[in-house]
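J.: Would you mind keeping the following structure in view while I ask a few things?
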Amino acid sequence: MSISTLNAPVNRRDFLKLTGLAGGGLALAFYIKSGGDAVAADSATDFAPNAFIRISPTGAVTIVSKQPEMGQGVKTSLPMVIAEQLEVAWKDITIEQGDFDEKKYGNQGAGGSNSTPNNYDNFHLVGATARTMLVEAAAQTWGVPASECRAENATVIHSSGKKLTYGQLAAKAATLPVPAKEAVKLKEPKDFKLLGQRISQFDTPKIVTGKPLFGIDTKLPGMLYAVYEKCPAFGGKVVSANLDQIKTLPGVKDAFVIEGNGKVKELVPGIAIVADSTWAAFSARKQLKVVWDEGKVASESWENFVSQAKEKAAQPGQRTLRKDGDPDAALASAAKVVEANYVYPFISHANLEPQNTTAYWNDGVMEVWSPTQIPTIGAGLVSRVLGIAPEKIKLHITRAGGGFGRRIGADYLIEAAAIAHKLKAPVKLTWSREDDLRHDQYRPGGLHFLKGGVDAKGKVVAWKNHFFTFGEGGSPGSGGGLSPDEFPGRWIANYQAEQTMFDTGWPMGPWRAPGSCVFAWVIHSFIDELAHAGGRDPLELRLELLGDKDEMPGGGGGGGGGKGKQGGPSYNVSRMRNVLKFAAEKAGWGKKKFPKGSGAGIAFHFSHRGYFAQIAEVTVTKEGQLKVDRFVTGADIGAQVVNLSGAENQVEGSVIDGLGVLMTQELNIERGRAVPSNFTDYPLIRITDAPAKIETHFLKTTYPTTGLGEPALPPVAPAICNAIFAATGKRIRQMPLSRADLRWS
C-alpha cells in the first residue's frame, strides 16, 4: 500500500487500481487536501506509488520517512504516528528514508522544530485511512458490514472470530475508492498503544555497529574523492595557484578553479582537487599554494566591532524596534536602576559529521547523495547556479551526523555538484574539520546594553535595550534580528528596544533555536538582576511580569528570532504561567537551603511553539570550578508526546548542548577569517562537565502537539547563570564562561 500527502487541492478521480508490488501487493496513492480530505491522486501527473506505506503479500509493512533525520528522531517518531492508526505492531515495521520528491511527499524540510506539527494530524489520517480501506476490504470479502470488523496487529477480525491479514487483503483494498475524511474514524488517544511509549530510534542498531547510514558513508562504483579549498577570508577569490604541480601528485586526477557565483552562502570561489582517495586529495591539498584576493572583509574583526558598539551604546540605535510609554521618565523616577552589558560571540555548529555530499553528473542528470536538512534549498541551488532543469536533479537524503540548522544551508551540496559537473564520474566531496569550523554559517554574535528600573515594591517599571547585531545587505543574519514582540516587550508599560547593525560579509545561518538561543540568556539574566535589585524572588517576579492575561495578542517573538519581523504564533501566557509553576513544583523551588557556593536559578522561554521553564542547581568551588548538580525542565508541547524516549533525549541533549555552548564555545574572527581550526582550540563539552542529574517533566495539555528539537535549549544558559549568581554573587554577562573568574571566598 502506498499513501501520499500533499497540501494542495486536486480533483477527485476514480481511484487508480494498481498492483504495484511483485506478487500482487497493494500500492495505493492518495493525497490529503489542506482541508483534510483524502482524494485520489491524478494518475497522469501526481500518482506516486509506494509513497508512505507498503504492504507486501507476505504482510510485511514498510513505512517511508520523508523528513531528513539528523538525530532528532523524526525517522522514528513520525512513522510511529502512522503505525498507531494503521494498527501494526512496531516490531513488524521497516522504515525507509524517502528520497527528495515533494510532489510525492509534500514538504520535506527539517528545521524550526516543524516536522511534528506540520505532519502530525495528516499522518494520523494517513494511517487511519489505510486501516479503514483494509477493514472495508475484509468486510466485502466476507459479505458483512464493516462495523462488525476491527483491525488489530496487522489483521482484520470479524465479530465471529474470522481473520484476514493485511497481506491477504492488500490486493482487494487496492480496488476500493478512498474514503472521505468523515468516513475515517481516528483512534482515540486513550486507545493508543504506541504513542507516548519509549521507542528506540530505528537506526540505533546500525549506528552502534557502524553500518553505513550517513552522507559521509556514501560509496559508489568508480567514485572519485574531492576537497575544496576556499579563501581563508570570507568571500575571497583565487588569483593564481600551482595547479600544474598539484596534478602531478600521487592519486590526483584533476585540479581546477571554480569561480563561484559571488554569494558567500551559496557557491564560494575556490579550488577543487579530485583524487582516487580522500587521503590523496587531503595530502595534495597540503601542497597547494594559492594567491588570494581577500577582498574587503579581510579588514574586519570581532574586537573592532565590539569597540565600536561600546562607543555607540549611549547613542540612539539605527532602528527603534519598539517603544511603549516613556522609559526615560520611568527610569528617572525608579526606586532602583540596573545597567548591564551582555555580550555573546559568534559560534560554529561543529557537527560531528563534517559537511559532505556525493554527486554524479551522468547523461544530463545530476544525482546527489547529501545529509541535507532542507533538500529543496540544495536542489534549487543546483538548478539555478548550474543551469540544470529541476526535473534533471535526483537527490537522495542521507542521515546527517548532526544538523542544528547548519545543513539548512547547502553550500557543501552545491560545491559537490559543481565539481561533479566538470567530471564524468561520481565524486564525493568531504570537508575537513578545519573546513567545517572556518567556513561555517555561524550563529551571529551580539551585544546588548540594558537599563532597567524597579519601583519601591520591586515591580519592573522600565526596560531599555540597545542591541548590536550583525548582518549583510541591510538585514540581520539568521537569528540576529530581535522581534519587536520579544518578551518582555508588550508586558512592560515603559519599554524600548533599539537595534544597530554592523554590515559584514561574514557567513551567518540558523543555529539551534535561532535568536531565542541567545535572547533568552540576555533577557532572563537581566530579569534576574532586576529581581535581586528589588528584593524579589526570581520566580515571583517572573509570574508578576507575565501577568494575568490568558494570551498576548500579536506575534509571539518565539518562532526563531528571524530577522526581527513581527509575526509568528501568538504568546499563550496562561501556558507559560502554568509550565513555570509546574517546573518550580517539580524542582522544589524555594524549599531548599543552599550553602555558600551552591544555588538555584530559573528561566523560561517560548520558542518554536514550545513553552519551557527550567531550573538549574549548581555548585561552584572556591577555586571557581562549576558543576551542575541538577537540571529540571518543565515542558508543554501539547496534548501528546509521540515518542517518550526520543522526547527525553531531545530535552537532555538541549541541556547538554546549551551548557557546552555556555562553558567554552567561542569563534573569534580576525582579519575577516575564523581563528579556531579544530576542536583543540574550539573545545566541546566533555562528559565530566555534563549535569549530574537531568530531569524532564512534560505537562500534558489540550493544545496541538509541537516539536522538540529547539525549544528546550534557550532557557538553559540563563537558568545556569542565575544559579551561579545565587551560589557566588557573581553575575555572568559574557559568554563563554571560560572568560569568567568564578572563584569566591
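J.: Listing 525, 277 from the residue with the fewest other Cβ atoms within 10 Å to the one with the most, what is the order?
T.: Ranking 525, 277 by Cβ neighbours within 10 Å, fewest first, gives 277, 525.
J.: Once fully extended, how much extra length lies between residue 289 and residue 693, figured as 0.36 nm per residue of separation less the alpha-carbon to alpha-carbon distance?
T.: Contour length minus Cα-Cα distance gives 140.4 nm.
J.: Once you place label points 7 Å from the Cα toward the Cβ at residue 329 and residue 248, how far apart are they in nm?
T.: It is 8.1 nm.
J.: Could you list 745, 299 so that the one with the fewest beta carbons within 10 Å of its beta carbon is first and the one with the most is last?
T.: 745, 299
J.: With θ taken as phi - 60° and the coefficients 6.51, -1.76 and 1.60, list the Karplus ³J(HN,Hα) couplings across region 642-647 in order, rounded to whole Hz; mark glycine and proline as x.
T.: 6, 10, 4, 4, x, 5
J.: For the chain, with only Lys/Arg (+1) and Asp/Glu (-1) charged at the beta-carbon, what is the dipole magnitude about the Cα centre, in debye rounded to 20?
T.: With only Lys, Arg, Asp and Glu charged at Cβ, the dipole is about 760 debye.
J.: Follow-up. Give me the one-decimal nm value for the distance between modelled label points at residue 730 and residue 668, 7 Å along each residue's Cα-to-Cβ direction.
T.: Each label point lies 7 Å from its Cα, and together they span 2.0 nm.
J.: Order these peptides, 680-690, 702-712, by their mean beta-carbon neighbour count within 10 angstrom, highest first.
T.: 702-712, 680-690
J.: While we're here: Please turn the phi angles of region 656-671 into ³J(HN,Hα) values with the Karplus equation 6.51 cos²θ - 1.76 cosθ + 1.60 (θ = phi - 60°), one per residue in order, whole Hz, x for glycine and proline.
T.: Calculated HN-Hα couplings, in order: 5, 4, x, 5, x, 5, 4, 6, 9, 7, 7, 10, 6, 10, 10, 6 Hz.
J.: What shape does the chain take by its C-alpha gyration tensor, where a ≥ b ≥ c are the square roots of the eigenvalues and a/c under 1.5 counts as rounded, a/b above b/c as prolate, and the rest as oblate?
T.: oblate
J.: Amide H to amide H, which residues 5 or more places from residue 425 or on other chains are under 5 Å from it, using H placed in the peptide plane?
T.: 361
J.: What FRET efficiency do you get for residue 103 and residue 457 if R0 is 60 Å and r is their Cβ-Cβ distance, rounded to the nearest 0.05?
T.: About 0.45, to the nearest 0.05.
J.: Also, quick follow-up: What FRET efficiency do you get for residue 190 and residue 537 if R0 is 51 Å and r is their Cβ-Cβ distance, rounded to the nearest 0.05?
T.: Computed FRET efficiency for residue 190 and residue 537: 0.85.
J.: What does the extension gain come out to for residue 389 and residue 58, with contour length at 0.36 nm per residue minus their alpha carbon separation?
T.: Between residue 389 and residue 58, full extension yields 115.2 nm more.
J.: For residue 198 and residue 223, calculate 0.36 nm times their separation in residues minus their Cα-Cα distance, and state this gained length in nm to one decimal.
T.: Gain on extension, residue 198 to residue 223, equals 5.0 nm.
J.: Place the peptides 670-678, 303-311 in order of packing, highest mean first, counting for every residue the other Cβ atoms within 10 Å and averaging per peptide.
T.: Descending mean neighbour count gives 670-678, 303-311.
J.: Convert each backbone phi in region 619-628 into a coupling constant with the Karplus relation 6.51 cos²θ - 1.76 cosθ + 1.60 (shift: θ = phi - 60°), then list the ³J(HN,Hα) values in order as whole Hz, x for Gly and Pro.
T.: 10, 10, 5, 4, 7, x, 8, 9, 9, 7
J.: Between residue 163 and residue 549, what is the label-point separation in nm under the 7 Å Cα-to-beta-carbon projection?
T.: 5.8 nm
J.: Could you sort the peptides 510-518, 209-217, 157-165 by per-residue average Cβ neighbour count (10 Å cutoff), highest mean leading?
T.: Highest-to-lowest ranking by the protection proxy: 510-518, 209-217, 157-165.
J.: Right, here's the next one. Over region 30-195, what lengths in whole Å, largest first, do the semi-axes of the equivalent ellipsoid take, defined as the square roots of 5 times the eigenvalues of the alpha-carbon gyration tensor?
T.: 26, 18, 15
Since every read-out is calculated from the coordinates, none of them should be taken as a lab result. No experiment lies behind these values; they were computed from the predicted model shown. Reconstructed Cβ throughout: ideal geometry from the backbone, glycine too, with neighbour counts over all protein chains shown.
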